[in-house]
1. How high is the relative contact order of the range 381-438, given as a whole-number percent (alpha carbon pairs under 8 Å, six or more residues apart)?
2. Taking a label point 7 Å from the Cα of K125 along the Cα→Cβ vector, which residues of the range 13-34 have an amide N closer than 12 Å to it?
3. Using the crude model of +1 on Lys and Arg Cβ and -1 on Asp and Glu Cβ, and no other charge, please compute the dipole size for the chain relative to its Cα centre, in debye to 20.
4. Expressed in nm to one decimal, what extension gain is obtained for the pair Y305 and Y86 from 0.36 nm per residue of sequence separation less their Cα-Cα distance?
5. Can you list which of the trypsin sites (Lys or Arg not before Pro) found in the range 226-319 are DSSP loop residues with at most 16 other C-beta atoms within 10 Å?
6. Would you list, by chain and number, the lysines whose Cα falls below 26 Å from the Cα of K194, excluding same-chain residues fewer than 8 positions away?
7. Would you work out which of S184, S145, G204 lies farthest towards the positive end of the dipole of the range 111-225, given +1 charges on the beta-carbon of Lys and Arg and -1 on that of Asp and Glu, about the Cα centre?
8. Mind ordering 390-398, 197-205 by average Cβ neighbours within 10 Å, highest first?
Amino acid sequence: MTGKRTKRGHRAGGALEKWYNLKADLNHIPDPPLHPGTTIPVFKEEMEVILPKSVAEFEYVEDKWLEIPEDLRKLYEKFRPTKLLYANRLKEYLETPAHILYKMETQPGGGLLLSALAQVYYSKKDRAKRVVAGTASGLWGDAVSMASALLNMESKVYVAKDSLKKRPYISLKIAAFGSSSDGSPSAFTEPGRKKLASDPDSPGSLALAMSEAIWDAARRNDTRYAPLFWADLTFIHSSPVGEETMDQLADMGFAPDIVIGPACPESSFPGLISPFLRDIVSGENRVKLVAAEPAAFPVLSKGIYSYDFADQSGLTPLFRMFTFGHSLTPPEIFAGGFRQHSASPMMSLLKRNGVIETVSYAERDALEAALLFAKTEGFLPNAETAYAVKAAIDMAIDAREREEELTILLLVEGDPTADLNIYDVYVKGALEEQVFPSNAVHEALKDLPELRTKSATLV
């Protein structure tokens, strides 16, 4: 299905004029974050304990359109717009009537660089000198490191140790942007030391890396923590990805029937789908939104919808989301960005309400699809994107079987150089397929926090 779209008239300066706040259009928004001690909603002043003041405000804003500061907009313009390409060779290879377009977010940090720049910018406005973050895929580490370099801020990234083993160039890339990094769990924070004491060989996780970053920031007045998926602000700050894509689609004469991306905490997929969600809510259009994830750890598909901590050590508020339990250490899949026990509150709500669909694949099948994409389109996606590529290929083949002309929009993210080791292992036939850790998940769900009432403080 193809068709011209009219450009949105609200942005006199284009997609980088304003951020879009999806919550302003939703009839049902995520349940509020709760204080783990009192189990009452967390006030903005309490959220400022772990977030910079100006950043915390985005969690409570009600306006639909938010002005992007001019000096921040100029930084955005260095990297925007990114390319929207037609996958003609992949289409020909698959012999499908489906049109496949892909949005290339391959700059350092991908589309997450938009959120990193905003968070570092506001942290500097709050007179901080240093920013810390946690990463598993390396994408958020790249984004925060690059943003800190552009804004002349110090930064440190805690990287899940298993990711450093499978992606040995993560720390080199972070260092190239002037940032420092440590494998997580580390001996430099209380959460890290506690984990090492109980499990010296722990592979770490995104949740544990976040715990270390939050603990670090809480103990230095000059330091701010840069949150990722659990904060609504990542939907807001990455919304220009979707807004500019809408304009590019209109220029090319396409309206997607399906939008696909990785269901990964370290992804700008939320930003890509934001304007499509706006159309769905308004009744203007009904696009199929598909989030792809690993069969070995399908949080959105199999998780329990419950209040839980976003980090492993219980330093964040409680968020209602799909979770396997914060105490769980995820399986050691190569796509480390999925090694997080929970999905975001917003993505969880959208999944629960049937607004987005999920698909899951074995890691070997995902990497095979990514290599086909590389052979036909000349770009090797990162391991997280591989799952979305697999979904796009399957849906294009299904369209061929049904002789249906439709348009598929795919998000492609990451710097493939960091993933060459992963593909080397796969090509050599040495990849060990991970399985869903059902017993470990069962035990971790026993540790879900009880909703109780008493006096306490965050961090």
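Please treat every number below as a calculation from the coordinates, not as lab data. None of the values given here were measured: they were computed from a predicted structure. Quick reminder, even Gly has a Cβ in these numbers, built from the backbone with ideal geometry, and neighbours come from all protein chains shown.
1. Averaging sequence separation for qualifying contacts and normalising by length gives 45 percent for the range 381-438.
2. Nothing falls inside the zone, counting backbone N under 12 Å.
3. Its charge dipole is roughly 860 debye.
4. Gain on extension, Y305 to Y86, equals 75.1 nm.
5. R286
6. K156, K161, K165, K166, K446, K454
7. S145
8. Ranked from most to least packed, the peptides come out as 390-398, 197-205.
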